[in-house]
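Visitor: Mind looking over this structure? Questions follow.
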Amino acid sequence: MLLSLCFRKVLLLRIIFVLSDLSFLLYGALANVPPVAYWAIASLIINFVQIGILLRDMIPRDLPYDLQQIKDLFFSSVQTSDFIRLIKLSYRGTSSNKKMLTEGEPVENLMLITQGLVYIEVDGTTIEVGPYHFIGEMSYFSDGKASTTIHSREPVDFLYWRYSDLRRLQEKNPALFMKMVEAMGKDIMLKMLHQNKTPGAS
């Protein structure tokens, strides 16, 4: 809601700029002052382009089912265009009957399960985690090593972001990176709730 309001305010400002440019263009034409008219035309072009970009970003876009689920769960307050930017930074991967993370070993990717189940070893028990949960989020903010062992049995599909790409995002677009951090934080809480509800894991 807040982001949508900000977009409307920016759009309103652009429209005001266009009206101002039109008045300068009219003045330049009537007073025969070509530099003013040329400047107004250039400014009009820039503002019309920016208005077009804003309108494009405000129009809802249809997303594939799995991406829509991710957006609804973790990025509901993010404009679809920004969410797509995050997705474009990711890659798709699969895993079957192997370790995805090993406790104490370096982690290079943040993963998000989109289909299938993974099994997390915690304090001698095994917790089953399904789609739309992150893997490797704790390592990003600690020493870069896995704090637990996670493995797949049946085929698992997932998205993954390279830590190096996330660090670049953190430098170049801190606001968008913070949305990813918020998503990871929400997922940590969801997994803690899941763990508390299933104390007697296999």
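The values are calculated or read from the model by the stated rules, or taken from the named source; none is laboratory data. Just so you know, these numbers come straight off a predicted model, no measurement behind them. As a convention, Cβ positions derive from the backbone with ideal geometry for all residues, glycine included, and neighbour counts pool all protein chains shown.
Visitor: Would you list the strands (runs of 3 or more DSSP E) that sit entirely within segment 61-120 and hold 1 or more residues that are in contact with a Phe, Trp or Tyr (Cβ under 7 Å, 6 or more places away or on another chain), among the small types (Gly, Ala, Ser) and modelled with pLDDT of 90 or more?
Guide: Here the list reads 91-95.
Visitor: Within the set of pairs 6+ apart or on separate chains, which have a first residue in segment 15-43 that is without any contact (Cβ under 8 Å) to a residue 24 or more places away in the chain and outside the structural domain of LEU54 (by TED's automatic domain parsing), a second that is surrounded by 13 or more Cβ atoms within 10 Å (Cβ to Cβ) and in a helix (DSSP H, G or I), and C-beta atoms under 7 Å apart?
Guide: none
Visitor: When you look at GLU154, is it touching a residue at least 24 places away in the same chain (Cβ under 8 Å) and either in a loop (DSSP other than H, G, I, E, B) or not assigned by TED's automatic domain parsing to the domain that holds THR94 (or both), yes or no?
Guide: Answer is yes for this residue.
Visitor: As an exercise: evaluate ASN173 against (1) at pLDDT 90 or above; (2) in contact with an Asp or Glu (Cβ under 7 Å, 6 or more places away or on another chain) and give the number of the one condition it does not meet.
Guide: (2)
Visitor: Yes or no: segment 133-141 includes at least one residue that is surrounded by 14 or more Cβ atoms within 10 Å (Cβ to Cβ), of a type in the set (Gly, Ala, Ser) and either within 23 Å of the chain's Cα centre (by Cα) or assigned by TED's automatic domain parsing to the domain that holds ASP72 (or both).
Guide: There is at least one residue in segment 133-141 that is surrounded by 14 or more Cβ atoms within 10 Å (Cβ to Cβ), of a type in the set (Gly, Ala, Ser) and either within 23 Å of the chain's Cα centre (by Cα) or assigned by TED's automatic domain parsing to the domain that holds ASP72 (or both).
Visitor: Among (1) in contact with a Leu (Cβ under 7 Å, 6 or more places away or on another chain); (2) in contact (Cβ under 8 Å) with a residue 24 or more places away in the chain; (3) of a type outside the set (Lys, Arg), there is one condition PHE177 misses while meeting the rest; what is its number?
Guide: (2)
Visitor: So which of ARG85, ARG92 is surrounded by fewer than 15 Cβ atoms within 10 Å (Cβ to Cβ), under 25 Å from SER164 (Cα atoms) and in contact with a strand residue (DSSP E or B) (Cβ under 9 Å, 6 or more places away or on another chain)?
Guide: Within the list ARG85, ARG92, the selection yields ARG92.
Visitor: Let me ask you something else. Can you pull out the residues in segment 25-35 that are closer than 20 Å to ILE15 by Cα and either loosely packed, with under 13 Cβ neighbours inside 10 Å or at pLDDT 85 or above (or both)?
Guide: Of everything in segment 25-35, those that are closer than 20 Å to ILE15 by Cα and either loosely packed, with under 13 Cβ neighbours inside 10 Å or at pLDDT 85 or above (or both) turn out to be LEU25, LEU26.
Visitor: Still on this structure, please answer the following. Can you name the number of the only condition in (1) in contact (Cβ under 8 Å) with a residue 60 or more places away in the chain; (2) in a strand (DSSP E or B) that ALA183 fails?
Guide: (2)
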